[in-house]
Amino acid sequence: MPPNPFSALLHGSAVAILDGGLGTELERRGADLSDPLWSARLLADDPEAIVATHLAYVRAGAQVLTTASYQATFEGFAARGLGHDAAAALMTRSVELAREARRRSGQPAVLVAASIGPYGAMLADGSEYSGDYGLTVAQLRDFHRPRLDVLASSGADLLALETVPSVDEGRALVELLSDRPETTAWLSFTCRDGAHTRRGDPVEAAFDLARDVPGIVAVGVNCTEPQFIAELTRRAADRTDLPIIVYPNGGERWDASGRRWSGSGSEPGGIPGQVGAWLASGARIVGGCCRVGPETIAAIAAVAGRGPG
């Protein structure tokens, strides 16, 4: 069984702090992410912007950096005229940039998690928020395998199998991880309410996928509205002894046709005001996803007793 990279951060009753949304923070800082590659475009065009954004999260208190590879796929890069080797090099660069930010921060204990987003992220049409691809588990395995192989060998501390909208896609990823016993990952689902994945599967079935898979070192939810996190955490705690990871979005919804976020965001009190309930429900690794920036991560760290530095 491979060692759990979170062990040093979770000793005793400690809580580990994740970063927030990388792409939306880059956008807030002026990056144009209208490209279907989203933040992955900057791996080639403006890598220093990625490093600077990673650094902002570490300075806010993040102990885990998630790489700019969520939307980096061989298919997506091929559509931009990049061959296999060039695409693999950019995927690896996403890890190198996070490691460079860790080096500049002077905090060697910060973990680097290589992001592996869902099939729907490659489509760039918002379908990760439905999971309605019409693909079999075998087809999803075939899609994810090449990128997982590259990122598992990239020097990252672990993989982030994230924003998974369905049990079928979660099963495909878990089966691939089972073929790499030396690789560790967290498994995180995106959910439409407090009881179901975006695809409509019971979350219990999703969380159960992590059972008896030595490489899965945490399980939970991300890119889900904050008001559902406490209930989802309770349901996860009933199904697993693994550390529970939660990193919601800002509470808005993604309008794929208009390529914009809509809605009023999190309920009064914001995300920091809800963190206590998440921790009481069993969450051990906490951060944010889309529309959650360094200021909110700093507030989460303060609530969890893990301030910057």
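The values are calculated or read from the model by the stated rules, or taken from the named source; none is laboratory data. Every value quoted in this text rests on a predicted model; they were computed, and no experiment measured them. Quick reminder, even Gly has a Cβ in these numbers, built from the backbone with ideal geometry, and neighbours come from all protein chains shown. The area values use the complete protein model at the heavy-atom level, side chains included, leaving out ligands, DNA and RNA. Shrake-Rupley method; radii C 1.70, N 1.55, O 1.52, S 1.80 Å.
How large is the dipole of region 58-171 about the Cα centre if only Lys and Arg carry +1 and Asp and Glu carry -1, each at its Cβ, rounded to the nearest 20 debye?
Using only the charged Cβ atoms, the result is roughly 580 debye.
Find the relative contact order for region 107-247 and round it to a whole percent, using C-alpha pairs within less than 8 Å whose residues are 6+ positions apart.
That works out to 22 percent.
Can you sort Asp238, Asp142 by solvent-accessible area, 1.4 Å probe, largest first?
Asp238, Asp142
For Ser178 and Asp212 in the same chain, what is the full-extension length gain: residue separation times 0.36 nm, less their Cα-Cα distance, in nm?
11.3 nm
Given (i) 42; (ii) 29; (iii) 50, which label gives percent of Cα pairs over 28 Å apart as computed from the coordinates?
(ii)
Is there a quick way to get the dipole size of region 1-118? I mean about its Cα centre, with the Cβ of Lys and Arg at +1 and of Asp and Glu at -1; what is the value in debye to the nearest 20?
400 debye
Which of Leu173, Leu159, Leu140 moves most in a GNM of the chain, Cα contacts under 10 Å?
Leu140
Once neighbouring chains are kept in place and the probe is 1.4 Å, which whole percent of the accessible area of the chain is contributed by carbon and sulfur?
48 percent
Under a Cβ-only charge scheme (Lys and Arg +1, Asp and Glu -1), can you give me the dipole magnitude of region 133-251 about the Cα centre, in debye to the nearest 20?
Here the size comes out at about 180 debye.
Report the FRET efficiency, 1/(1 + (r/R0)^6), for Arg80 and Val137, where r is their Cβ-Cβ distance and R0 is 41 Å, rounded to 0.05.
0.90
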